[in-house]
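The following block contains the structure, expressed as C-alpha cells.
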Amino acid sequence: MWSSDDPVASWEAWLRWLMMERPSSALERAARLLDGLAAVPQRFVDVSGWRRGLAQRRQPVVPRIVLTGDLKAGRSTLLNGLLGRPLLRTAVRGCTPVPVTVFAAGIRWTEVPPGHRPPPSDGRILVVDVRQPLPRSLRLAHHGDGPTVLVLTKLDRARSDAELALDPEAEVTEAVEVACRRARAHTADGLAGKVCCDPRDADAVRSTVWPTVHAALAAARLRAEARRDQEDVRFVEALAECLTPPEPVPWPPHIPIVSAARAVLQAGVSMAMTSMDSDAAAWRARVRHVDDHNELDRLVARVPEALDHIGRRAVDCAMQGCRAAMADWADAVVGRLLAAASWATPPASQAPQVLELGVAGGMLARSAAGRVQAAAPPALLGMVRLRRVEVRRSALEAAWADALSELQIDLGAALRDGLGTVEAALQATAHALTTHMEAAGQEALVAEARCRTAERLATWAARDWLTGETAQRPTVAPLRTL
Ligand SMILES: Nc1nc2c(ncn2[C@@H]2O[C@H](COP(=O)(O)OP(=O)(O)OP(=O)(O)O)[C@@H](O)[C@H]2O)c(=O)[nH]1
Ligand SMILES: [Mg+2]
C-alpha cells in the first residue's frame, strides 16, 4: 500500500496488488479502487463520499410492494396477517386515509388508499371486497409493470347475504368471477395469482395467502434486483467519470495590469480631492469670521503656507489611497494565484512594491498662492485701506476658490501622469507574487505531479476494471525525473 516515505515504490506495489487481485463484481472493484485511492495523498476525488455511496449500494435489495384496492376491503388486516404482527391499525370505519409504509420481512410494504398517488413499486396486492368488486372508474395504485396478486375478502359476508338465494354458493361464485374480471380490467398483463380469504384469520392467511403472494413476489424481487443492478452500473459509471482528472489550469494565470493601474490611481486621486476639499473648507471658514483688516492681512500673508500644507497633504492622501488600493489588488491577485495553483502556499506578506508618484504638491501650491495674494494683497495702503473689510474678504474668498480649483486640476493631472509608475509597481508586485508562489510550491508541485501520475495510473487501471474494456495505457511522465 501507499506510504508517504517512499511513494514511488509503494505506488508500484499498490498497482501490482491492484492489477493482480481482480475482484468479481463491479461494486467490489469500486470498493478496492476507493481503498487504493484513499491511500494516495492529495487526491482530487472525494473518496469518503464515494465510500458512503458504496455502503448504501451494499444494503440488501428491498422490493417495494403496494397494497391497494377499494375502501375497507381489509388491506391492513391482510398485511397484519401476512406479517403475523399487528403493524397497521384496522377498524370498521375507514382508518388508513393516507399511504402508510412499513418495512417488514425484507419488503417495503405500502398501503395506498384508492385515489392516492402511488409510490413506485415492484409488485402489487389488490385487496377487493367480493361484494363490491372494484368500480370501473376507480383510480388504483399502478402496478408499475410488476406482478399483481388479487386477494378477495369478505366471502363470509357474501355468503350470509346470499343465504336466501336459490343457490347461495353459485351466487358467491358469480361474485368472485365478477370481482376477478374487474381486477383484470385494472391490470395490464393479467393476474400473477388470486386467492380468496378472510384476512382476520391469521393462520389461514399464512398457510393459504402467503404461498401465493410469496410466489408472485419472486418476480417483484427480480425486478427490484434488476433495478438495483442498473443503479449499481450508474454508480460505477459515475465513479469512472469522476476519476477523469480535471483540466490543468494555465500557469501563470493572466493578471490584467492596465485596468488595475487605472483603478489604483483613481482611488488615489479621489482621496487627494477629498482631502483638499475638506482642508479648503476649513480655511474658508476661518476667513469668513474675520472682520478687521489686520486679521485679514495676517491670513493673506499665510496663504502660501496654507496652500503648501493643503497640496502636500493631498499628495500624501493620494499615495495612501493608491497603496491601499494596491494592497487590495495584491490580495485579489494572491487569491487568483492560489486558485490556479492548488499546490502553492500563500506568501506571508502581500505588501505591494513601494510606490512613489513623485508629485510635488508644495510646488503646485506655490504658484496658486501667488494668484491669491495678487487678488487680495496683504499690505494695503492709503485709500484702498478705506475699503470695507467685507469687500476685501469676498475678493479673498473668490481668489481662494479659483486657486483651489486650479490646484485640484493641476494636482489631478500630475497624479494621472503617474499611471506608468503605478503600472510598473503593479507589474513588479505581480511578478514578485508569482515568483514567490512558484518557489514556495516547487516541492509541493513535484509531490502533486507524482500524485497526479499515480492517480492517473490508478484511473487507467480502475477504468479498465470498471468498464470491462481494455483502456489505452496513458502517457505518464517518468516519476523519477519529476
Ligand atoms: N367479516 C369480515 N370482515 C372483514 C374481513 N376482512 C376484513 N374485515 C374487517 O373489515 C374492517 C376493515 O378492515 P381494514 O383492514 O381496516 O380494511 P382497510 O382496507 O385497511 O380499510 P381502510 O384502510 O380503512 O380503507 C375491519 O374491521 C376488519 O376486521 C372479512 O373477510 N370478513
Ligand atoms: Mg387500512
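Assuming R0 = 51 Å, can you tell me the calculated FRET efficiency for the pair Gln320 and Arg388, based on Cβ-Cβ distance, to the nearest 0.05?
Efficiency at R0 = 51 Å is approximately 0.75.
Still on this model: What does the extension gain come out to for Glu356 and Ala219, with contour length at 0.36 nm per residue minus their alpha carbon separation? Present the calculation step by step, with values, prior to reporting the outcome.
Numbers: separation 137, 0.36 × 137 = 49.32 nm, distance 8.35 nm.
That works out to 41.0 nm of additional length.
Listed highest first by mean packing, meaning other Cβ atoms within 10 Å per residue, what order do 326-336, 71-81, 308-318, 26-36 come in?
The packing order, highest mean first, is 71-81, 308-318, 26-36, 326-336.
Given a Förster radius of 51 Å and the C-beta distance between Arg52 and Thr274 as r, what FRET efficiency does 1/(1 + (r/R0)^6) yield to the nearest 0.05?
Plugging the Cβ-Cβ distance into 1/(1 + (r/R0)^6) gives 0.35.
Any read-out appearing in this document is the output of simple, stated calculations on the displayed coordinates, not a laboratory observation. What you are looking at is a predicted structure, and each value in this text was computed from that prediction instead of being measured. We place every Cβ from the backbone using ideal geometry, glycine too, and count neighbours over all the protein chains shown.
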